[in-house]
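The values are calculated or read from the model by the stated rules, or taken from the named source; none is laboratory data. Model, not experiment: these values are computed from the prediction. Ideal geometry is used to build each Cβ from the backbone, glycine not excepted, and the neighbour counts take in all protein chains shown. Ligands, DNA and RNA are stripped out before the accessible areas are found, and what is left, the full protein with its side chains, is counted by its heavy atoms. Shrake-Rupley method; radii C 1.70, N 1.55, O 1.52, S 1.80 Å.
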Amino acid sequence: MKDPQNETAHPVRLADYRPPSYLIDAVRLTFRLDPKATRVTATIAFRPNPEGLADGNLVLDGEGLTLISATINGKPLTALDYLLTESGLTVPAEHLPDGAFTWEAEVEIDPSSNTALEGLYISKGMFCTQCEAEGFRKITFYPDRPDVMAPFTVRIESDLPVMLSNGNPAASGPGWAEWHDPHPKPSYLFALVAGDLAAYSDSFTTASGKTADLNIWVRPGDEDRCAYAMDALKRSMDWDERVYGREYDLDVFNIVAVDDFNMGAMENKGLNIFNSKYVLASPETATDVDYDFIEGIIAHEYFHNWTGNRITCRDWFQLCLKEGLTVFRDQQFSADMRSAPVKRIEDVLQLRARQFREDAGPLAHPVRPEEYIEINNFYTATVYEKGAEVIRMLKALVGDDAYDAALRLYFDRHDGQACTIEDWLQVFEDVTGRDLSQFKRWYGQAGTPVVTVDTALDGGIYRMTFRQTVPPTPGEPLKEPAVIPIRFGLLHPEGPELVPSILMELTDPEQEIEIDLARACETAGLPLAEPVPSLLRGFSAPVILRTEQDRAARLTLMAHDTDPFNRWEAGRSLAKEALTAMVTDNAPADPDWLGALGELVGDQGLDPDFRALALALPSEDDMAETLARGGITPDPTAIHDAMAKAETAIAETHVGLLTGLFDQMAVPGPYSPDAASAGRRSLRLAALRYLSRIDGGDRAAALFEARPNMTEEMAAFTSLLRIGRRDAAATFEARWRHDSLVMDKWFMAQVATAEPAEAVATAKRLTEHADFDWKNPNRFRSVMGGLTAGNPAGFHWPDGSGYRFLADWILTLDPKNPQTASRMSTAFETRSRYDADRKGLIDAELARVAATDGLSRDVAEMVARMRSA
């Protein structure tokens, strides 16, 4: 039986979840690799699931497979025994034996034509896989869902010298290798790599004395760029043992660097596959930011071994269970490896730039969505970053000791299981005795809560009134109060702290707290005065804070707050206020803000990395969102011009300070990516950015010529581009045209630094460059992201050319790689911010994309959601 019709995409809903009809005891796969005609034989031991559907049909997912043969218990099946569609194969219950049975099928697939980079594909001669979320169905027929877990044995047959899969090596010989993973896993964690590879090897001895072999597999010649990734891996393994008590559980841990990869990396059990840019690093080719990303992503994927692999998610609606928790864990790790305050500020910057923007637009959705059409569209900042913030809040509410006890119970109770958010919260309720039903709303409600704080001093009593609301989001007009942990303190207007940090739980729409301020002032030996509240210390909850604080109060916080995050936040608020006036009223830069900024950045007792963050202006997109939240329609060109004026004002006001920082923060000796050295370079290069506005680029040109390391070479290069010295691009290209990862930076920098009126033309010119491979996700993102994220004024140029350019490329890429095309389409999600003309131009492009025949499910869903709002 065969259904010739394409199935219409229907929403998948959490409410419709049903357990699988069959479970699997063992899987054996044999791959006979061939670029155009790989044969895959799958032998699967099924048994009925007592909790499964009553119909008893065997439903297997499968896409793009040519079925060669299929048997059940050795008996061949004919076309009359199953229903074959474009999305899978179903064997009706009447053709199945009672009880357990063995399914065997041989299929043929064409890895060479797999440009979507899902399933088994080829990257520059290397066979590799990407199976999360639903790529395994492009390899063989299988119940491709995360709640079906089984041990895998894999045999690979090929003339390639290196053949890898999950688990431990079992056997090998000329032209073949076998691997066995004893730990049950869902199909999305399957991995295979085969190619001409070289290993950078080391080992790690666990706390229990077991030795694990560690290998980073790269193309021959790249071995000398693996040392930092290996060091990050070993530090991650050690940290997970010390902090979470989690040991590694296999004999070998392999990482493979792949040039063509849709995402950052993938945590496949024992065989992590990485985008090359998050593995390969040398002082000459990688920046401090690259090293930071490598450390964090290596840690993230390793930590998934327990929070994602040993315990996985029951269904894809529970994606935040593994991703939110693992993001939180990698944030903890990076904070321990580097500066915790700096890491927190960086994380919040990312949260606000990506997730707050998502929550404010048509793509808003809960941390645990209720439905989807294409699950790849829900690998979002809400699931990852907001999911991590929910874990952070939970830890703050229950305390460190209870958090540790709950995690131990979670690992003990659910090892080897596919779990839900309810399972996760239950361990905390069991450990603490606390009812978390209201806290659970963080998982089920979209939108960023707004917390308003009003204060009043009545005699010696200081009253603080907290109110919470959540703006409507698509499909959710009404919201219920959440549990919001708010950490705050009080400062005296002269600077000293009167009340150290207090953690309050905002659970009602409105709550009031009273503080005996007279006693606090008396204890501190200070006169009674209206205090300066330091609210939401450490950014204790992912909310928008609204409170009436005058400039004097924020200047006090900027100069004296004991909480580093709020000290930075006060400066950020003053910068946004000054920039708003520059945008809307063409005002000069606020001298009080400029003075306070100089005092903070010049404080040699502070971490240089923190000072660099304090010196940085908000991004142009951040200012657009800030204006929109304040009821002002943002003009991207005016924002761009105000930013340039502000940078010049900072440079002219603080030329002496900035010159001193540029000279004093130079790091002597050979390059090192350690946090202290990176922090000094960060402050030095922040100073260079401003100085280049007034020195004609002389310092940048000298540094560009000296090129002591890629961090400084790249900063000098972009500084030159930004002031119009664009001849540097030819020099940079001549130096680095042989290195694809460095050339990605070259492509992006030119678009991001172009004058807004020239940005689209620059991007078009670069897409015609011989080295622009639009099928490579890194290269595609370097140009498109350089425009949409790096140059908002250029992307939003009034004639709509940026919108047409992006829509054209989405339509070009979509038939080849729907996942990357879909993610790039989110550049249109901010349409509601802008004026009617820009909205109309965006709407026209979205309508053009939507009307295209053969549009992928990925892009169609995103465009429909953006058009519906």
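Overview of results
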| read-out | value |
| --- | --- |
| Subset tally (residues that are open to solvent by 10 Å² or more (accessible area, probe 1.4 Å), in contact with a Lys or Arg (Cβ under 7 Å, 6 or more places away or on another chain) and assigned to a helix (DSSP H, G or I)) for region 538-556 | 1 |
| Meets criteria (at pLDDT 95 or above, under 27 Å from Asp400 (Cα atoms) and open to solvent by 20 Å² or more (accessible area, probe 1.4 Å)) for Asp458 | no |
| Inter-residue pairs, beta-carbon under 8 Å, first free of Cβ contacts under 8 Å to residues at least 40 places away in the same chain and in region 523-538, second assigned to a loop (DSSP other than H, G, I, E, B) and crowded, with 21+ Cβ neighbours inside 10 Å, 6+ apart | Ala524/His492; Leu526/His492; Ala529/His492 |
| Close pairs (9 angstrom Cβ cut-off, 6 or more residues apart or separate chains): of a type in the set (Phe, Trp, Tyr) in region 675-701, modelled with pLDDT of 95 or more and in a loop (DSSP other than H, G, I, E, B) anywhere | Tyr690/His654 |
| Selection from region 586-613 of residues that are open to solvent by less than 30 Å² (accessible area, probe 1.4 Å), assigned to a loop (DSSP other than H, G, I, E, B) and not small (Gly, Ala, Ser) | Asp590 |
| Subset of region 292-307 [under 16 Å from the mean Cα position of the chain (by Cα) and more than 19 Å from Ser201 (Cβ to Cβ)] | Asp292, Phe293, Glu295, Gly296, Ile297, Ala299, His300, Phe303, His304 |
| Residues of region 42-52 that turn out to be over 15 Å from Ser187 (Cα atoms) and either open to solvent by less than 40 Å² (accessible area, probe 1.4 Å) or part of a strand (DSSP E or B) (or both), as a count | 4 |
| Filtered residue count, region 335-344, keeping only those that are surrounded by 21 or more Cβ atoms within 10 Å (Cβ to Cβ) and part of a helix (DSSP H, G or I) | 2 |
| Residues of region 145-170 satisfying the condition of being open to solvent by 20 Å² or more (accessible area, probe 1.4 Å), more than 30 Å from Trp316 (Cα to Cα) and either part of a loop (DSSP other than H, G, I, E, B) or aromatic (Phe, Trp, Tyr) (or both) | Asp159, Leu160, Pro161 |
| Residue in region 201-213 that is in contact (Cβ under 8 Å) with a residue 60 or more places away in the chain, under 24 Å from Ser276 (Cα atoms) and open to solvent by less than 60 Å² (accessible area, probe 1.4 Å) present | no |
| Tally of residues being more than 16 Å from Gly598 (Cα to Cα), among the acidic types (Asp, Glu) and either in contact with a Ser or Thr (Cβ under 6 Å, 6 or more places away or on another chain) or open to solvent by 50 Å² or more (accessible area, probe 1.4 Å) (or both) across region 652-702 | 3 |
| Only one of Val367, Val390 that is part of a loop (DSSP other than H, G, I, E, B), under 21 Å from Gly538 (Cβ atoms) and either open to solvent by less than 10 Å² (accessible area, probe 1.4 Å) or touching a Phe, Trp or Tyr at 6+ places or on another chain (Cβ under 6 Å) (or both) | Val367 |
| So Asp55, is it outside any strand (DSSP E or B) and at pLDDT 95 or above | no |
| Matching option when the condition is open to solvent by 50 Å² or more (accessible area, probe 1.4 Å) and farther than 30 Å from Arg314 by Cβ, among Gly221, Gly195 | Gly221 |
| Restricting region 66-117 to residues that are among the aromatic types (Phe, Trp, Tyr) and more than 30 Å from Met266 (Cα to Cα), the residue that is most open to solvent (accessible area, probe 1.4 Å) | Tyr82 |
| Residue match in region 557-574 (condition: part of a strand (DSSP E or B), closer than 19 Å to Val453 by Cβ and either in contact with a Ser or Thr (Cβ under 9 Å, 6 or more places away or on another chain) or charged (D, E, K, R) (or both)) | no |
| Count of residues meeting criterion [open to solvent by less than 60 Å² (accessible area, probe 1.4 Å) and part of a helix (DSSP H, G or I)] in region 394-430 | 21 |
| Of all residues making up region 484-506, the number that are open to solvent by 40 Å² or more (accessible area, probe 1.4 Å) and either touching a residue at least 24 places away in the same chain (Cβ under 8 Å) or not aliphatic (A, V, I, L, M) (or both) | 9 |
| Odd one out for Leu574, checked against (1) touching a Pro at 6+ places or on another chain (Cβ under 9 Å); (2) open to solvent by less than 30 Å² (accessible area, probe 1.4 Å) | (1) |
| Output for region 819-869, where each listed residue is at pLDDT 95 or above and among the polar types (S, T, N, Q) | Gln819, Thr820, Ser822, Ser825, Thr826, Thr830, Ser832, Thr852, Ser856 |
| Residue list for region 675-704, filter: within 14 Å of Ala728 (Cα to Cα) and under 27 Å from the mean Cα position of the chain (by Cα) | none |
| Elements of type helices (runs of 4 or more DSSP H) contained in region 705-761, each with 1 or more residues being more than 28 Å from the chain's Cα centre (by Cα), aromatic (Phe, Trp, Tyr) and under 26 Å from Pro673 (Cα atoms) | 728-736 |
| Scope region 721-748; condition of a type in the set (Gly, Ala, Ser) and either touching a Gly at 6+ places or on another chain (Cβ under 7 Å) or open to solvent by 20 Å² or more (accessible area, probe 1.4 Å) (or both); matching residues | Gly724, Ala730, Ala734, Ser740 |
